[in-house]
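One structure below.
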Amino acid sequence: MHHPEYFESILAFVHEIGIAVELQAIPGPSFLPGIAIRSGALVVDPDALQWPGDILHEAGHLAVLPPERRAGASDDLSDTSMPGGGELEALAWSFAAAHRLGLPPSVLFHPGGYKGQSEGLILSYTFGVCPGLKGLCEAGMATAPGFGSTATAPPYPHMIRWLRM
């Protein structure tokens, strides 16, 4: 596992905000090594997990779904087409979570994923270009200037709640 020193703090954060995490073996292949989603919970196989940052990203997918969809969510959620509940919002959410935990952006946007765009994502979010921020604001999860708020612009999404209501 890359960056094992962040594994426990990531799990604690995800649990703290209300997303269930089950640590158990995942038999057979999964959409990400060591991670599955079953009935709205993250299933993490610590022996197969390669990148702990992937836990945050998948938690982001669950977090941006309305509660009724989150409760029954299973498997790969990257195709979610719900306004404010898709890939871009999961990216912005997970970047805000990584910032909250004090993680280097490279733990989340690691070289083993993101279709070779890890460095570009790190640069974009670090410099305040936050794809997905608009959807988080529209879902009532974040606040930012220009999206119905008088907040000053932080270098990351300013979350007002971690789960979509």
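The values are calculated or read from the model by the stated rules, or taken from the named source; none is laboratory data. All of these numbers come straight from a predicted model, not from anything done at the bench. No Cβ is skipped: glycine too gets one built from the backbone with ideal geometry, and neighbour counts run over all protein chains shown. Each accessible area value is taken on the protein alone, full model and side chains, heavy atoms only, with ligands, DNA and RNA left out. Shrake-Rupley method; radii C 1.70, N 1.55, O 1.52, S 1.80 Å.
Laid out as a table, the results:
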quantity: Residue within region 113-126 that is outside any helix (DSSP H, G or I) and open to solvent by less than 50 Å² (accessible area, probe 1.4 Å) present; calculated: yes
quantity: Complete set of residues in region 31-78 that are open to solvent by 20 Å² or more (accessible area, probe 1.4 Å) and under 16 Å from residue 97 (Cα atoms); calculated: 51
quantity: Any chance residue 89 is among the charged types (D, E, K, R) and surrounded by fewer than 21 Cβ atoms within 10 Å (Cβ to Cβ); calculated: no
quantity: Residue count, region 2-35 (criterion: farther than 14 Å from residue 63 by Cα, of a type in the set (A, V, I, L, M, F, W, C), at pLDDT 95 or above and not in a helix (DSSP H, G or I)); calculated: 4
quantity: Tally, over region 25-41, of residues that are out of contact with any Leu (no Cβ under 7 Å at 6 or more places or on another chain) and at negative phi; calculated: 10
quantity: Region 127-143: number of residues that are of a type in the set (A, V, I, L, M), assigned to a loop (DSSP other than H, G, I, E, B) and in contact (Cβ under 8 Å) with a residue 12 or more places away in the chain; calculated: 2
quantity: Complete set of residues in region 127-144 that are over 17 Å from residue 64 (Cβ atoms) and either open to solvent by 50 Å² or more (accessible area, probe 1.4 Å) or touching a Ser or Thr at 6+ places or on another chain (Cβ under 6 Å) (or both); calculated: 127, 129
